[in-house]
């Protein structure tokens, strides 16, 4: 299965590796030091997703990819200071995250160094696993974004789900 497939359809529970000891229980700091790769809003499905490189994460040691899928999206807010972080180009490490229930749905807030992303949705799904054939973790953009992207999970990467959680 490709990572993008999880945005369109929810996987059969048989696809989750039951032998894993990985835990996707929610904690506010579960994604500390992981790297934000992409935010996708697929309006046709009222869905959004955040793709995360877990290889730099403090919490996850064996898995290389995280995916957060938001279904029934009501709101996406980028509180940005992106101009300061685009030049020079930097890797966006994730900071504090929080998940709270509101009248409009589940509010997911992730802090970046200079910015914040907030998504309000009816359901939140969290998948961790391994994207295949992504190579070693790159820690700089010295050789350009294109070279860096070749060493990270992307939407078309083949993906093995190790563990999954759902809220909402």
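The values are calculated or read from the model by the stated rules, or taken from the named source; none is laboratory data. What you see is a predicted model; the values in this text were computed from it and never measured. Cβ atoms come from the backbone with ideal geometry, glycine included; neighbour counts cover every protein chain shown.
What to note about this one:
- When the test is whether a residue is outside any loop (DSSP other than H, G, I, E, B) and at pLDDT 75 or above, residue 128 passes it.
- Selection from the stretch 60-78 of residues that are over 15 Å from residue 99 (Cβ atoms) and either in contact with a helix residue (DSSP H, G or I) (Cβ under 7 Å, 6 or more places away or on another chain) or not in a strand (DSSP E or B) (or both): 60, 61, 62, 63, 64, 67
- Residues located in the stretch 1-30, provided they are at pLDDT 85 or above and closer than 24 Å to residue 120 by Cα: 3, 4, 5, 6, 7, 8, 9
- Residue 107 passes every criterion in (1) farther than 21 Å from residue 6 by Cα; (2) without any contact (Cβ under 8 Å) to a residue 24 or more places away in the chain; (3) in contact with a strand residue (DSSP E or B) (Cβ under 6 Å, 6 or more places away or on another chain) apart from (1).
- Number of positions in the stretch 93-115 that are surrounded by fewer than 16 Cβ atoms within 10 Å (Cβ to Cβ), at pLDDT below 90 and closer than 22 Å to residue 47 by Cβ: 1
- Under the condition of being surrounded by fewer than 16 Cβ atoms within 10 Å (Cβ to Cβ), under 17 Å from the mean Cα position of the chain (by Cα) and modelled with pLDDT under 85, the residues counted in the stretch 60-91 number 1.
- So residue 161, is it touching a helix residue (DSSP H, G or I) at 6+ places or on another chain (Cβ under 6 Å), in a strand (DSSP E or B) and either without any contact (Cβ under 8 Å) to a residue 60 or more places away in the chain or crowded, with 16+ Cβ neighbours inside 10 Å (or both): yes
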